[in-house]
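Novice: Before we start, here is the structure in question, set down as structure tokens.
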Amino acid sequence: MVPKYNPQEIETRWQQRWAADHIYKVWQDDSRPRFYALTMFPYTSGDLHIGHWYAMAPSDAYARFKRMQGYNVLHPMGFDAFGLPAENAAINRGIHPYDWTMKNIKNMRRQLRSMGAVYDWSREVVTCLPTYYRWTQWFFLKFYHAGLAYRAKAPVNWCPRCQTVLANEQVVGEGVCERCSTPVTKRELEQWFFRITKYAEELLDHSHLDWPERIKIMQRNWVGKSDGAEVSFRLEDEGTEQKEIRVFTTRPDTIFGVTFFLLAPEHPLVSRLTRPEHKAEVDKYIAWCRHQAEYERVALGREKTGVFLGSYVINPVNGERVPIWIADYVLPTYGTGAVMAVPAHDQRDLEFAKRFKLPVRTVIAPPGWTGEELREAYAGSGAMVNSGDFNGLPSEQGYEAICALSEAKGWGKRTVVYRLRDWLISRQRYWGAPIPITYCDKCGIVPVPEEDLPVLLPSDAEFKPTGESPLKYCQSFVNTTCPRCSGPARRETDTMDTFVCSSWYFLRYTSPKTRRASFDAAKVKYWLPVNLYTGGAEHAVMHLFYARFFTKALKDMGLVDFDEPFARLFNQGTIIYRGDKMSKSRGNVVAPDEYVVKLGADAVRGYLMFIGPWELGGEWSDRGIVGISRWLNRIWGLVTTDYTSRAVDPETEKELLHLTHKTIKEVTADLENFRFNTMLSSLMELSNYLSKIRESGIVSGSVWQEAIGYFLRLLAPTAPHLAEELWNRTGHPYSIHNESWPEYAEDLAEEKETTLIIQVNGKLRDKVLVPAAIGEAEARELALNRERVKAYIDGKNLIRVIYVPSRVVNIVVAS
């Protein structure tokens, strides 16, 4: 009697055996090519849902596949463990962030183990442990001494609900906090920054990266490189200490069209340039702007607002007196915080000019322009007009001529600006890596010596939503001695953005137990850069961007010999459930645990790979996973039922050999290209054919066993537990996961015959089995002379014949 398939018993048993035998332990091995396959580690939110498994199960299958191909595969796992949710739990539930986090990690580790993944758990990293964040602090000091970490007072994004500062990348949609969707406001605070702008040009270069084009575009847009010129406008009021204001423009060829001048409300010159009679109105407007989110200020179609200061600048090319206004759509963080307004050639400037009845002067003629007033701003190229000696010059040449003139006269120069701002890493929170800085009244800012790291988080901090770090009120933490003069000093009470921790974790996996350094340089040299990095596209301008910056900085410091961390990037799609993306915030998550208990981890793994193309995602369906479970049960019966050969049919054996090698070829190609759904379709086709053979018994026992052996090795990356059990039951040595990947013979995999579809005007009219290598002329003649086809084409005018090689002939006739 065939034993019943019991995935729960089988999976538990093999997971225990693999763990006891350390079958997935990884070490350096120069006899094999290395392959570092990394999946983005999860945040310690408490439970993994099916969306997490969708990122991890297919990537585990790929790592298993590369391992069987003979690669020395590093596919580690860890936990991104610092962050705001843990601190909110402390406030809302009265539990310490450490306790909440470690409890979550224990549960998530259990869930990950139940997946049967190929992770080497001895390499686990947890970013909230002192053994890890000691080195996060060490990197901060390296950045500080290299001039890449600095402190400055700056307007910052503030989330009133989370009571903390947000990096620009964490403000999403219509200016809301990415975590809680509360509208973000602005505050002026002393903050720590990383000088990521130093690497703006390098971060634009993706030429040697195998990354999705949309991610490259998102990062290029985030850097926001603009070529143009910086031009000085002299202040008419000579009573101010500053004599000029510099503006950046991408269109110096339009400078004759400047009819007013704009400053950001936050510009430091505003107070000095405001005339007394305008002061009250200006102050009121500035106060109003402080309450406007950045996205509101620059929103397209928004009614323009502004206030005249009563002061003027002088246009350097024509000496005209130009009024100075402040306007909310001018941001202090882009360019110089000042704009030369050319309303005829910038739509926002035109809307502003119409609102306040300011002059509009066309200086670049649109095609067919005869001098009439423009209804919309013209931003294209054309001949320069109303531009003095430059009239008639094509605007492209005018661009160069104006730049040359400004440089010759000393009031301008060609330059490049970037939208990218320096990375704000300060957080007014407890649950993060403390910034290793002390403040001394005598010595000023003093970094903590490396030998005194880590600066430990105190266990007795109080958690209150005050908008200031809980560390600020923990006297045992704040009060310290100056490392330089040994006098009294105060510790920095802000902690680091959690993205700092995740900007180098891929290095730590290579040597997680190293105590004397952040990583073992020799092991990093062996494993890095990461060959394949998989995860969500939502990290394009945060984690992925920061990790690239971090790596480039480390290379410049001589700590690594490469400047890109991830050679290849693949973004999986999302799981949809009840019409929306599966996520905790939407309340529509599905936990894998109940399905693992009921149907087995292999069924969950298989269904997630079959649900649709990995890069697109798909809809979770209980009915769909039951279908995969039934297939696995059929495989169990197929292999565990004794095979009896009744009579050998050489043609059937030949066809089985062909289909087996064809399947090996298809599955290999599909796995290489992450086509997990079509890979499983090929396996299902082969298993169906094997079922028919088992019933008929018309191949020899040796041919049957060989085909089953091939099939199980092909199945192993998807269903590792079932494949291991059946490999063992069919008398093979332990373990199937140490076996080599099957190789196919091209001549055996090649299709000898194929079904040719014959259509008339796009409708199916006949099918015929033909040689796979049939040519167009032969296929055309065959189709036109088929009796079933003649009935639809005789007596009609033949227009054309469309041929899809070896697949379709479509005969188009006049109707």
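The values are calculated or read from the model by the stated rules, or taken from the named source; none is laboratory data. Because the structure is a prediction, the values reported are computed rather than measured. Cβ atoms come from the backbone with ideal geometry, glycine included; neighbour counts cover every protein chain shown. Please note that ligands, DNA and RNA were not included when accessible areas were found on the heavy atoms of the full protein model with its side chains. Shrake-Rupley method; radii C 1.70, N 1.55, O 1.52, S 1.80 Å.
Novice: Relative to 2.2 N^0.38 Å, what does the C-alpha radius of gyration of the range 753-814 come to as a ratio? Two decimals please.
Specialist: Cα Rg divided by the expected 2.2 N^0.38 Å: 1.00.
Novice: Then there's this: Over 28 Å between Cα atoms: which of LYS186/LYS552; LYS106/LYS186; LYS103/LYS464 fall into that group?
Specialist: LYS186/LYS552; LYS106/LYS186
Novice: Only Cα pairs under 8 Å and at least 6 apart count here; give the relative contact order of the chain as a rounded whole percent.
Specialist: Here the relative contact order equals 14 percent.
Novice: If you don't mind, there's one more thing I want to ask. Return the FRET efficiency for the residue pair ALA146, ARG578: r is the Cβ-Cβ distance, R0 is 60 Å, and the value is rounded to the nearest 0.05.
Specialist: With R0 = 60 Å, the Cβ-Cβ based efficiency is 0.75.
Novice: Might you work out the accessible area of ARG251 for me, using a 1.4 Å probe with all protein chains in place, and round it to the nearest 10 Å²?
Specialist: 60
Novice: Scan the chain and hand back the longest stretch that contains none of the GluC sites (Glu not before Pro) lying in DSSP loops with at most 12 other Cβ atoms within 10 Å.
Specialist: Details: sites that count: GLU174, GLU238, GLU241, GLU303, GLU372, GLU373, GLU376, GLU462, GLU743, GLU751.
Counting only loop sites that pass the neighbour cut-off, the longest clear stretch is 463-742.
Novice: Rounding to the nearest 20 debye, state how big the charge dipole of the range 662-751 is about its Cα centre with +1 on each Lys and Arg Cβ and -1 on each Asp and Glu Cβ. Don't skip to the end; give the middle numbers.
Specialist: On the way: 7 positive and 14 negative charges, 72 e Å.
The dipole of the range 662-751 has a size of about 340 debye.
Novice: Out of the total accessible area of the chain (probe 1.4 Å, heavy atoms of protein only), what percent is carbon and sulfur?
Specialist: Looking at the chain in its full context, I get 49 percent from C and S.
Novice: Separate question: Can you tell me how much longer the chain between ARG484 and ALA777 gets when fully stretched, taken as 0.36 nm per residue apart minus their C-alpha distance, in nm with one decimal?
Specialist: 96.7 nm
Novice: Here is a follow-up. Considering only the other residues whose Cβ falls under 14 Å of the Cβ of LEU798, what net charge follows from Lys and Arg at +1 and Asp and Glu at -1?
Specialist: So the environment of LEU798 carries a net charge of +2.
Novice: Let me have the 222 nm mean residue ellipticity of the chain computed from DSSP H runs of 4+ only, each contributing -39500 (n - 2.57), with the sum over all residues rounded to the nearest 500. Intermediate values should be presented prior to the final figure.
Specialist: Values: 27 runs with 297 residues, N = 815.
Using -39500 (n - 2.57) per qualifying helix, the result is -11000 deg cm²/dmol.
Novice: Put ARG807, ARG508, ARG515 in order of accessible area, largest first, 1.4 Å probe: what do you get?
Specialist: On the way: ARG807 155, ARG508 10, ARG515 195 Å².
Greatest to least solvent exposure: ARG515, ARG807, ARG508.
Novice: Just for the chain, what percent of DSSP beta bridges are antiparallel, to the closest 5?
Specialist: Working: 74 of 97 bridges.
Here the antiparallel bridges make up roughly 75 percent for the chain.
Novice: Same structure again: Distance check, please: which entries in LYS665/LYS752; LYS153/LYS555; LYS763/LYS796; LYS654/LYS752 exceed 19 angstrom between their Cα atoms?
Specialist: In this structure, LYS153/LYS555 lie more than 19 Å apart at Cα.
Novice: How far apart, in nm, are two points set 7 Å out from the Cα along the Cα-to-Cβ line at SER681 and at TYR643?
Specialist: Calculated label separation equals 2.6 nm.
Novice: May I ask you to list the residues of the range 555-578 whose amide nitrogen lies under 18 Å from a point 7 Å from Cα along the Cα→beta-carbon direction of ARG214?
Specialist: 569-577, by backbone N distance to the label point.
Novice: Right, something else. Compute the helix-to-body angle for 7-21: its Cα long axis versus the longest principal axis of the chain, expressed 0 to 90° and rounded to tens.
Specialist: Roughly 70 degrees between the two axes.
Novice: Follow-up question, since we're still on this one. In the full protein assembly as shown, how much of ARG179 is accessible to a 1.4 Å probe, in Å² to the nearest 10?
Specialist: Here the residue's solvent-accessible area equals roughly 130 Å².
Novice: Something else about it: How would THR644, THR574 line up by accessible area, probe 1.4 Å, largest first? Write out the running numbers ahead of the final one.
Specialist: Numbers: THR644 80, THR574 55 Å².
Sorted by accessible area, descending: THR644, THR574.
Novice: Where the only charges are on Cβ atoms (+1 Lys, Arg; -1 Asp, Glu), what is the dipole of the range 50-194 about its Cα centre, to the nearest 20 debye? Provide the component values of the computation, followed by the final result.
Specialist: Working: 18 positive and 11 negative charges, 77 e Å.
It comes to approximately 380 debye.
Novice: While we're on this one: If you take the square roots of the eigenvalues of the alpha-carbon gyration tensor of the chain and sort them as a ≥ b ≥ c, do you get rounded (a/c under 1.5), prolate (a/b over b/c) or oblate?
Specialist: It is oblate, given that a/c is not under 1.5 and a/b is not larger than b/c.
Novice: Something else about it: Kindly state, to the nearest 0.05, the FRET efficiency for VAL172 paired with LYS25, given R0 = 41 Å and r defined as their beta-carbon distance.
Specialist: E between VAL172 and LYS25, to the nearest 0.05, is 0.50.
Novice: Average the reciprocal distances over every distinct pair of alpha-carbons in the range 275-431, invert the result, and give the Kirkwood radius in Å.
Specialist: For the range 275-431, the Kirkwood estimate is 18.3 Å.
Novice: Here is a further query. Hey, with R₀ at 22 Å, roughly what FRET efficiency would GLU655 and GLU743 work out to, going by the Cβ-Cβ distance, to 0.05? Don't skip to the end; give the middle numbers.
Specialist: Numbers: r = 20 Å, r/R0 = 0.90.
Once rounded, the FRET efficiency stands at 0.65.
Novice: Any idea what the relative contact order of the range 384-455 is, in percent, if you count C-alpha pairs under 8 Å spaced at least 6 apart?
Specialist: Normalised by residue count, the contact order of the range 384-455 is 14 percent.
Novice: So for the pair ALA408, ARG800, with labels modelled 7 Å out along Cα→Cβ, what separation do we get in nm?
Specialist: About 5.9 nm, to one decimal.
Novice: Then there's this: Taking a probe of 1.4 angstrom, what is the accessible area of VAL597 in Å², to the nearest 10?
Specialist: Counting only protein heavy atoms, the figure is 100 Å².
Novice: Rounded to the nearest whole Å², what accessible area per residue is found for the chain with the 1.4 Å probe?
Specialist: Dividing the accessible area of the chain by its residue count gives 44 Å².
Novice: Subtract the Cα-Cα distance of ARG93 and GLU538 from 0.36 nm times their separation in residues, and report this length gain in nm to one decimal.
Specialist: Additional length available on full extension: 157.2 nm.
Novice: If you don't mind, another one. On a 0 to 90° scale, report how tilted helix 279-290 is relative to the longest principal axis of the chain, with both axes built from alpha carbons and the result rounded to the nearest 10.
Specialist: Taking the Cα atoms of the chain, the angle to 279-290 is about 10 degrees.
Novice: I need to check one value: relative contact order of the range 753-814, counting alpha carbon pairs closer than 8 Å and at least 6 residues apart, in percent.
Specialist: Value for the range 753-814: 42 percent.
Novice: Shifting gears a bit: Can you pull out the trypsin sites (Lys or Arg not before Pro) in the range 641-715 that DSSP calls coil and that have at most 10 other Cβ atoms within 10 Å?
Specialist: Answer in residue order: ARG646.
Novice: For the charge dipole of the chain, defined by +1 on Lys and Arg C-beta atoms and -1 on Asp and Glu C-beta atoms about the Cα centroid, which residue among PRO160, ALA327, ILE576 has the Cα displaced farthest towards the positive pole?
Specialist: Of the options given, the answer is PRO160.
Novice: Of ASP602, ASP441, ASP747, ASP29, which has the most accessible area with a 1.4 Å probe, and how do the rest follow in descending order?
Specialist: Heavy-atom accessible area, descending, gives ASP441, ASP747, ASP29, ASP602.
Novice: Quick check for me: using +1 on Lys/Arg Cβ and -1 on Asp/Glu Cβ, what's the dipole size of the chain about its Cα centre, in debye to the nearest 20?
Specialist: Working: 101 positive and 99 negative charges, 296 e Å.
Using only the charged Cβ atoms, the result is roughly 1420 debye.
Novice: Moving on to the next point. How about the range 212-245: which trypsin sites (Lys or Arg not before Pro) there lie in a loop by DSSP and see at most 11 other Cβ atoms within 10 Å? Walk me through the numbers on the way to the answer.
Specialist: Details: sites: ARG214, LYS216, ARG220, LYS225, ARG234, LYS243; in loops: LYS243.
Taking the range 212-245 and a limit of 11 other Cβ atoms within 10 Å, the loop trypsin sites (Lys or Arg not before Pro) found are LYS243.
Novice: Still on this model: Find how much the distance from ALA379 to GLN705 grows on full extension, using 0.36 nm per residue of separation minus their present alpha carbon separation; answer in nm with one decimal. Intermediate values should be presented prior to the final figure.
Specialist: On the way: separation 326, 0.36 × 326 = 117.36 nm, distance 7.20 nm.
Computed gain between ALA379 and GLN705 is 110.2 nm.
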